[in-house]
Structure formats: structure tokens, C-alpha cells
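I have placed the structure first, in the form of C-alpha cells, so that the comments after it can refer back to it.
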Amino acid sequence: MELKKSEEVLAEVHRNCQLALQSISDILPETEDAELKEELLRQHEDYEKLGGKAAILAKDKNIELKNPGPIKKAMMWSSIKMSTMTDNSRAHIAEMMVQGTVMGITALKSTLGEVDDACADGEIVSLARELLAAEETFEKKWKQLIA
């Protein structure tokens with residue numbers, strides 16, 4: 001049973017990273033602010049590293065990870081394009097990033113809350129906590145950029 005929970009945690013880490021990477025890739029072309037672009041690129045790199053760690057763990061533990069489907073990606077893309085079409089200001093983009101980051105934090109906390117650390121795979125739980133800490137840092141950074 002706990003192996004299944006560990007797989008769910010790793011799947012959530014992977015999904016979270018993939019959605020963040022997609023969102024950042026969709027927002028970057030709409031961003032004119034140099035400081036914002038720099039922060040987006042830095043976070044994109046961090047999500048790539050964490051997603052890479054998840055992929056390595058999945059391979060080592062023979063866990064199959066699924067990417068978000070094309071409909072989910074298309075919905076995200078269209079939502080971002082519509083939202084930035086009317087307002088691509090620094091504050092608006094930062095606010096959009098806060099919303100996405102908070103969704104990721106909530107999903108990770110929920111998934112981690114369902115896992116018994118004593119029985120779960122320590123490497124997977126550790127990676128999920130690493131991603132959670134990164135997202136909490138990202139949220140603070142975006143909130144500073146809203147003002």
C-alpha cells in the first residue's frame with residue numbers, strides 16, 4: 001500500500017513540475033519586463049532540475065510517470081494567452097504565477113499529508129519536500145514582484 005502512496009507522491013512531483021514548466025513556457029513570450037523574464041527563466045531551470053530528479057527516481061524504482069495531456073496543456077495555454085492579452089504588466093504576470101504556485105503547493109501538501117513517512121520511500125518524500133520548499137520560495141518572490 002505504501003509503495004502505491006510513494007508512487008502517487010512521485011507522480012504529483014512530476015505533474016507539478018511539468019505544469020509549471022508548461023506555464024512558464026507559455027508566459028515567457030508575453031513578458032516584456034526583463035527582471036520578470038529573468039525570474040521566470042531561473043524558476044524554469046529549477047523546475048527542470050527537480051523534474052529531472054523525479055524522472056531518475058522513477059526510472060530507478062521502475063515507476064511510470066505520465067505527462068499532463070494535450071487538452072490540459074491547451075487549456076492552460078489559452079487561459080494564459082487570454083489573460084495576458086488584456087494585461088501583461090509585471091503585477092498581473094506575478095499574480096498569475098502566485099496563483100499557479102499556490103495550486104502546486106496545495107497539491108503537494110495534500111499528497112504529502114496522505115503519506116506515512118515511516119513507510120514511504122524516503123527519497124521520493126525528500127524530493128517532494130524539496131519541491132515544496134522551492135515553490136514556497138517562488139511564491140514569496142512573486143508576491144514581492146506584485147507590489
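The values are calculated or read from the model by the stated rules, or taken from the named source; none is laboratory data. In this text, all values refer to a predicted model and were calculated from it rather than measured experimentally. As a convention, Cβ positions derive from the backbone with ideal geometry for all residues, glycine included, and neighbour counts pool all protein chains shown.
Any residue at all in the range 9-17 that is in a helix (DSSP H, G or I), of a type in the set (Val, Ile, Thr) and at pLDDT 90 or above? Walk me through how you get there before you give the answer.
Within the range 9-17, the subset in a helix (DSSP H, G or I) is 9-17.
Within this subset, residues satisfying the condition of being of a type in the set (Val, Ile, Thr) are 9, 13.
Within this subset, residues satisfying the condition of being at pLDDT 90 or above are 9, 13.
Checking the range 9-17: at least one residue is in a helix (DSSP H, G or I), of a type in the set (Val, Ile, Thr) and at pLDDT 90 or above.
Only one of Thr137, Thr111 is more than 11 Å from the chain's Cα centre (by Cα) and under 21 Å from Ile27 (Cα atoms). Can you tell me which? First the steps, then the outcome.
On the way: Thr111 fails: under 21 Å from Ile27 (Cα atoms).
The conditions single out Thr137.
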Which one is surrounded by the most Cβ atoms within 10 Å (Cβ to Cβ) among residues in the range 29-83 that are in contact with a Cys (Cβ under 8 Å, 6 or more places away or on another chain) and of a type in the set (A, V, I, L, M)?
-> Ala54
Filter result (modelled with pLDDT under 90 and under 19 Å from Lys61 (Cα atoms)) within the range 113-139 = Val115, Asp116, Asp117, Ala118, Cys119, Ala120, Asp121, Gly122
